[in-house]
Each structure stands twice: as C-alpha cells, then as structure tokens.
Amino acid sequence: MSEPRLPPSERPAAADTAALRAVSHLERKAAALLLLTLALIVGAALYLLYARGAFEPTQSLVLTSDDSEGVTVGMDMTFSGFPIGRVSKLELAPDGNVRILVAVPRKDAHWLRESSVFTLVKGLVGGTTIKAYSGMLQDPPLHDGAERPVLRGDATAEIPQMVAMAKELLNNLSLMTARDSPLGQSLEQVRLLGQKLNGDSGAMEVLLGTPENARKTVEMLDRANQLLARMDRVVQRTDQQVFDADGLMPQLRTTVQTLNLVLADTRTSLRKLDAVLANAEGISANVQEASTDIGQLRNEVESNLRKVEDLLTELQRKWPFAKDGKVELP
C-alpha cells in the first residue's frame with residue numbers, strides 16, 4: 001500500500017529545496033523575460049509613434065494670432081474634415097502675438113497653397129479647431145516655414161449680442177401685439193371687416209360703406225332688371241307687329257308687289273302711246289281715227305295713274321316713315 005501524499009504546506013523543507021534545485025538557470029530566464037517585456041513595450045511605443053507620424057518627413061507652418069485660447073500642443077489642423085497637420089509648439093512673439101507651429105506631413109502638404117486661408121474657430125459645443133481652406137488648388141504650393149495669419153471666430157463672443165437682439169425682438173413683439181398698437185388696430189379692422197362680410201349685405205356693404213347705400217344699390221339693380229324685362233316684352237311685341245304674318249312688313253311687301261304690277265301696266269301704256277304718236281306723225285290722213293285712239297289711250301293712262309296714286313296713298317298710310325310721292329302727267 002502506497003503512502004498518502006501530504007499537501008505542500010505540510011511537506012518538509014528538504015523537499016522544497018530539492019524542487020528549487022531542479023530548475024536550472026532560473027536567473028537567466030527571468031532576465032530574458034524582463035528583456036522581452038521591455039522590448040515589447042519599446043516596440044509598442046515605436047509603433048504608436050510611427051502610427052502617429054512621428055517618423056514621417058514634415059514641413060513647418062507658422063500661424064499667427066492675437067489669442068491662442070483653446071489651442072493645445074498635439075491638436076490637429078484639418079482640411080475638408082481630414083487631419084493634415086498637428087500643432088507641435090506654441091510660443092509668444094516679441095510683438096505680443098501668438099505663434100502656433102504646425103507640423104504638416106510632406107504627403108499632405110500639397111493641399112496647402114499660397115492662397116490658402118486658415119481659421120481658428122471656438123464653437124459653442126466642442127473645443128477649438130484649426131481649419132485650412134484652399135479654394136485655388138492650381139496656385140503654387142505653400143513653402144516650408146511659411147507664416148500665415150489665422151482668422152479667429154468665437155461663437156461664444158456673439159452670445160451677448162444674440163441675447164440683446166433677442167431681448168429687443170421680444171420687446172418689439174410685445175409692442176406689436178399690444179391692443180393699442182398699429183398691428184392690434186389693423187387686426188381689429190380685419191375683425192370688423194369679417195363681421196361686415198358675414199352680414200346681410202356682405203361684400204356690398206364693404207364696397208359701398210353703409211348698409212343704406214347697399215340697400216339702395218340692390219333696389220336699383222332690381223329696378224334695372226324689371227326695366228330690362230319690360231324692354232324685352234316691348235321688343236317681342238314690336239317683332240310680332242312688324243315681322244309676323246299679319247304684321248306691317250308682309251303687308252308692305254304685298255303693297256310693293258302690287259305697285260310694281262301697276263307700274264308695269266303704266267310702262268306698257270306709255271309704250272303704246274309712243275307707238276300711236278309715231279303713227280300719228282307718219283300718217284296724217286287718218287287724223288280722226290288716230291285722235292280717237294289717242295283719247296282712248298289717254299283714258300287708259302289716266303286710269304293707271306289714278307291706280308298708282310291710290311296705291312301710293314295706301315302705302316303712305318301703312319308706312320308712316322315714307323316720303324310724299326308725286327306723279328305728274330305727261
């Protein structure tokens with residue numbers, strides 16, 4: 001039967017010494033472990049420096065300003081939102097201005113031109129930022145060690161002015177909305193106008209001023225409508241009396257046709273008279289017979305002329321606007 005094993009705390013000291021002697025070169029291994037740890041730390045530091053661009057070739061840019069509040073060493077200078085430089089040093093110039101030294105990597109220096117503009121903005125939210133703007137990328141590149149002024153913009157400096165403007169705006173708004181203000185009076189006039197528009201007379205009262213004028217205008221329009229209705233009836237009656245079948249125009253047309261027939265008979269009688277006169281001039285022997293024919297023909301002409309005169313008289317009676325007609329015997 002094997003002996004039971006005792007816990008390490010209960011083992012004898014001789015066994016511990018024998019176990020320690022079993023590990024050889026312990027000090028060398030510990031030193032190697034320490035050196036490896038140190039190498040890892042140094043490598044990590046060098047990698048971080050490399051990642052931060054500490055070993056990249058850079059060119060310097062000096063920005064001058066009258067105040068560097070919020071600017072710290074290590075902050076970025078951005079172009080279109082991307083960091084292209086880092087503040088490496090802050091110093092005070094003999095003239096009292098602040099010199100901000102910015103290290104710009106060579107690979108990003110082509111974004112900076114002679115016409116570039118630099119701003120130092122302190123916003124309401126967030127810290128201070130340095131930004132570069134290059135509007136003309138065709139301009140010559142910015143040389144190493146160039147010194148440029150920086151434009152400052154402090155949003156917090158405008159807060160008192162904004163508060164004063166807001167206060168003035170509220171005061172003006174209170175004055176505008178007061179009951180006795182011009183705007184209040186205008187709104188009251190608009191309310192009265194709405195009441196008039198919703199009244200009985202509506203827009204007519206608004207245009208004419210008083211309800212009495214609106215009532216008179218409505219009465220005048222009613223009378224005008226009645227007068228137009230009467231005129232329409234008169235025109236219809238006149239049309240019936242003049243142009244109907246039993247009107248004046250058909251009767252006048254019939255009279256004119258009869259007058260044309262009588263005139264045609266008269267022309268025929270006159271032609272016969274001309275022929276008789278010609279025969280009377282050529283035949284002088286039969287004077288008595290020709291005289292008899294002339295007397296009969298004259299009687300026929302006089303009868304036709306009397307018909308024409310009666311017809312003209314009747315025509316003047318039916319058409320009062322005709323002129324007086326005169327018929328002369330030859």
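Select from segment 65-82 the residues that are in a strand (DSSP E or B) and open to solvent by 30 Å² or more (accessible area, probe 1.4 Å) and list them in ascending order.
Residues satisfying the conditions are D76, T78, F82.
May I ask you to say which residue of E328, E302, E289 is in a helix (DSSP H, G or I), modelled with pLDDT under 70 and open to solvent by 50 Å² or more (accessible area, probe 1.4 Å)?
E289
Please pick out the residue among R21, R106 that is of a type in the set (D, E, K, R), in contact with an Asp or Glu (Cβ under 9 Å, 6 or more places away or on another chain), at pLDDT below 90 and open to solvent by 60 Å² or more (accessible area, probe 1.4 Å).
Testing whether each residue is of a type in the set (D, E, K, R), in contact with an Asp or Glu (Cβ under 9 Å, 6 or more places away or on another chain), at pLDDT below 90 and open to solvent by 60 Å² or more (accessible area, probe 1.4 Å) leaves just R106.
Could you grab me the full set of residues in segment 83-112 that are in a strand (DSSP E or B) and either of a type in the set (D, E, K, R) or in contact (Cβ under 8 Å) with a residue 60 or more places away in the chain (or both)?
Hits for segment 83-112 are R86, K89, E91, R99.
Give the residue, chosen from T268, T313, that is open to solvent by less than 90 Å² (accessible area, probe 1.4 Å) and modelled with pLDDT of 80 or more.
After ruling out the rest, the residue left standing is T268.
Consider E56 against the criteria (1) within 25 Å of P140 (Cβ to Cβ); (2) outside any loop (DSSP other than H, G, I, E, B); (3) charged (D, E, K, R): it satisfies all of them except one. Which criterion is unmet?
Just one mismatch for E56, condition (2).
What are the residues in segment 45-64 that are open to solvent by 40 Å² or more (accessible area, probe 1.4 Å) and more than 20 Å from E114 (Cα to Cα), if any?
A45, L46, Y47, L48, L49, Y50, A51, R52, A54, F55, E56, P57
R52: under 60 Å from the mean Cα position of the chain (by Cα) and either at pLDDT below 75 or more than 30 Å from M77 (Cα to Cα) (or both), yes or no?
yes
The values are calculated or read from the model by the stated rules, or taken from the named source; none is laboratory data. These numbers come from a predicted model, not from an experiment. Positions of Cβ are generated from backbone atoms using ideal geometry, with glycine treated the same way; all protein chains shown enter the neighbour counts. In case anyone asks, the SASA skips ligands and DNA or RNA and just uses the protein heavy atoms, side chains included. Shrake-Rupley method; radii C 1.70, N 1.55, O 1.52, S 1.80 Å.
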